[in-house]
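The values are calculated or read from the model by the stated rules, or taken from the named source; none is laboratory data. Predicted model only: the values in this text are computed from it and were never measured. Note: ideal-geometry Cβ built from the backbone for every residue, glycine included; neighbour counts use all protein chains shown.
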Amino acid sequence: MAAATSESSTPRPHVVILGGGVVGISLALCLLDVPEAQRLAVTIVAADLPVVKRLERQQVGSSGDGAGQASRPPASYASSWAGAHHVSSPSSQREARWEQDSFRVLKEIMKLDKQHSWSTTSAHSSSATHEEETIPPLCWVRQVELFPTRTPRTSTEAMMRGALKIYSHYSESGGLDPASQGSFFQPSTSLPSQQAYYFNTIDYNVPVYLPLLYERFLALGGRAIKRRVSSLAEARQAAADGLPGSWSQPSLIFASPGLGAGHLAELRDDKVFPVRGQTILVRAPWLRYEGADGSEEYPLWPAISRMNENGERDLYIIPRGGGEFIVGGTREVGKTEPSPNEQTTRAILQRALQICPSLLPPSKRPPPGVSPRTEDVDIIGLNVGLRPSRKGGPILEEWTHKQIDGAKVVLGYGFGGYGYQQSWGAAMEGRTLVYRALQRAALPDRYTLQSLEAAGVLRTDQEKTDIPGIRPKAASARL
């Protein structure tokens with residue numbers, strides 16, 4: 001270990017996070033929102049970073065990558081276009097742990113937000129509207145998950161169904177029971193389902209949640225560089241240029257580049273591929289439970305998703321709070337078209353209206369026996385995102401056989417459409433990998449694994465769950 005020096009005069013180890021998605025930013029908060037003595041210096045280098053203003057409030061039919069729309073993130077920045085809900089869908093025990101840990105963190109955020117200690121307002125944007133500032137980043141929902149068969153068809157599907165038991169107010173029935181969801185949803189002969197699971201979970205208001213994480217990262221002393229790079233070495237150099245006086249040279253790179261993992265010079269991971277998703281942002285404030293208070297016990301909003309015969313979700317209606325819903329969706333493997341497709345939009349709405357005719361404004365609902373019209377749905381915007389998936393599942397591990405100009409490397413990407421619901425769990429495990437990799441450098445004693453465990457920065461057992469990145473304002477000198 002390095003010779004003893006005062007903590008204030010010893011530069012903190014400097015970690016570079018390549019990528020501005022939900023996993024990378026969550027990891028950044030895990031590294032920063034810790035006791036002062038164990039805090040690292042963190043720089044995010046990313047081609048795209050969160051913005052606060054509502055991303056979807058554009059003219060219907062606009063493109064995710066449209067020319068002349070500099071304020072709209074590209075479709076490849078999937079974290080900005082996500083739904084997103086927490087409906088556990090693990091394909092391994094490791095992913096199940098990530099999702100359970102993430103859900104515990106989300107519940108803690110909900111508690112802190114209710115106490116007004118986790119601000120939902122923007123300190124870095126003059127474009128945020130009053131509505132954006134008052135809608136919370138998360139909301140409780142009453143979820144129903146539909147499956148086409150009574151029993152699981154594969155071991156993976158059995159794991160997915162079993163994982164749903166982590167949620168409160170869990171029950172199940174043979175097929176969709178309209179009465180259990182306040183009559184918002186109805187069975188459909190063209191979208192058959194033989195088993196339904198009911199539970200209360202948390203959905204994300206992505207245009208509020210993701211920028212809020214980013215703002216907390218900045219408030220905790222994080223540094224961000226918006227730059228597109230072609231290699232890990234270029235990312236390291238970008239972070240090394242113009243360092244504040246007290247910062248050290250980068251000691252480690254955490255690579256969370258999304259689809260960029262397939263193109264970065266040192267990686268060129270040929271297992272990475274895009275999965276195109278198209279969704280619709282719909283206004284339907286009447287789709288809510290009257291008399292509910294928005295708590296875990298009594299959620300305000302109904303939600304639904306359906307697994308089809310191919311084991312894919314071909315329908316979901318995800319509340320964002322405030323009366324807006326994400327309606328989806330598609331899963332187009334290998335497709336990269338950034339513009340919304342009109343036929344796809346119509347097909348999504350047709351499926352949604354078969355199960356949820358209440359999406360239509362009350363004044364536009366047809367009489368019995370008449371099919372609802374998709375053009376009567378109150379559409380706010382159309383979204384396209386390219387989910388960064390990976391054959392064999394996500395990778396989260398230290399790259400032990402190579403360093404980049406002396407900096408160690410940890411890889412964390414390939415989460416596909418599950419980045420949000422796995423983000424905190426993956427970030428906490430990623431933080432442990434970062435600290436372990438740094439142990440082999442000549443660092444002060446306060447960064448040893450023993451010191452970190454004693455300070456409560458790292459978990460020492462599976463039952464103890466630390467809650468990183470969401471401390472109340474009073475707990476952080478920088479907030």
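Of all residues in region 340-391, those being more than 30 Å from Y418 (Cβ to Cβ) and of a type in the set (V, I, T) number 1.
Taking the criterion of being among the hydroxyl-bearing types (S, T, Y) and touching a strand residue (DSSP E or B) at 6+ places or on another chain (Cβ under 8 Å), the residues of region 175-213 that qualify are S180, S193, Y197, Y198, T201, Y204, Y209.
Scanning region 225-251 for residues that are within 24 Å of E215 (Cβ to Cβ) and crowded, with 16+ Cβ neighbours inside 10 Å yields I225, V229, A235, A238, A239, L243, W247, P250.
Mind checking which residues of region 373-425 are among the aliphatic types (A, V, I, L, M) and at positive phi?
So the first thing to find is which residues in region 373-425 are among the aliphatic types (A, V, I, L, M), and the list is 377, 379-380, 382, 384, 386, 395-396, 404, 407, 409-411.
Scanning region 373-425 gives no hits.
Against the test of being at pLDDT 95 or above and more than 25 Å from Y204 (Cα to Cα), the options L281, L243, L259, L264 yield a single qualifying residue, L264. Among the conditions (1) over 30 Å from G21 (Cβ atoms); (2) not in a loop (DSSP other than H, G, I, E, B), the only one that N200 does not satisfy is (1). Taking each residue of region 203-231 that is closer than 20 Å to M110 by Cα and looking for partners that are among the aromatic types (F, W, Y) and buried (at least 22 other Cβ atoms within 10 Å of the Cβ) with beta-carbon atoms closer than 6 Å, six or more apart or interchain, yields Y204/Y420.
The residues of region 202-224 that are surrounded by 23 or more Cβ atoms within 10 Å (Cβ to Cβ) and either of a type in the set (K, R) or in contact with a Cys (Cβ under 6 Å, 6 or more places away or on another chain) (or both), listed by number, are D203, R216.
The number of residues in region 336-364 being buried (at least 16 other Cβ atoms within 10 Å of the Cβ) and among the charged types (D, E, K, R) comes to 2.
Within region 367-444, which strands (runs of 3 or more DSSP E) (wholly inside it) include 3 or more residues that are more than 26 Å from the chain's Cα centre (by Cα), crowded, with 24+ Cβ neighbours inside 10 Å and modelled with pLDDT under 95?
On the way: elements: 379-390, 395-398, 408-413.
It comes to none.
Taking (1) closer than 17 Å to W301 by Cβ; (2) surrounded by fewer than 20 Cβ atoms within 10 Å (Cβ to Cβ) in turn, F199 satisfies each apart from (2). One residue stands out among those in region 163-180 that are among the charged types (D, E, K, R) and farther than 29 Å from P362 by Cβ: the one that is surrounded by the most Cβ atoms within 10 Å (Cβ to Cβ), which is E172.
Answer yes or no as to whether P274 is crowded, with 22+ Cβ neighbours inside 10 Å, of a type outside the set (D, E, K, R) and under 28 Å from I109 (Cβ atoms). No, not satisfied. Kindly indicate whether S183 is surrounded by fewer than 17 Cβ atoms within 10 Å (Cβ to Cβ), in contact with a helix residue (DSSP H, G or I) (Cβ under 9 Å, 6 or more places away or on another chain) and either touching a residue at least 12 places away in the same chain (Cβ under 8 Å) or outside any helix (DSSP H, G or I) (or both). When the stated conditions are applied, S183 passes them.
Being of a type outside the set (S, T, N, Q), over 30 Å from F273 (Cβ atoms) and not in a strand (DSSP E or B) is the requirement here; does P299 meet it? Before you say what the answer is, go through the steps one by one.
Working: of a type outside the set (S, T, N, Q): yes; over 30 Å from F273 (Cβ atoms): yes; not in a strand (DSSP E or B): yes.
The answer is yes for P299.
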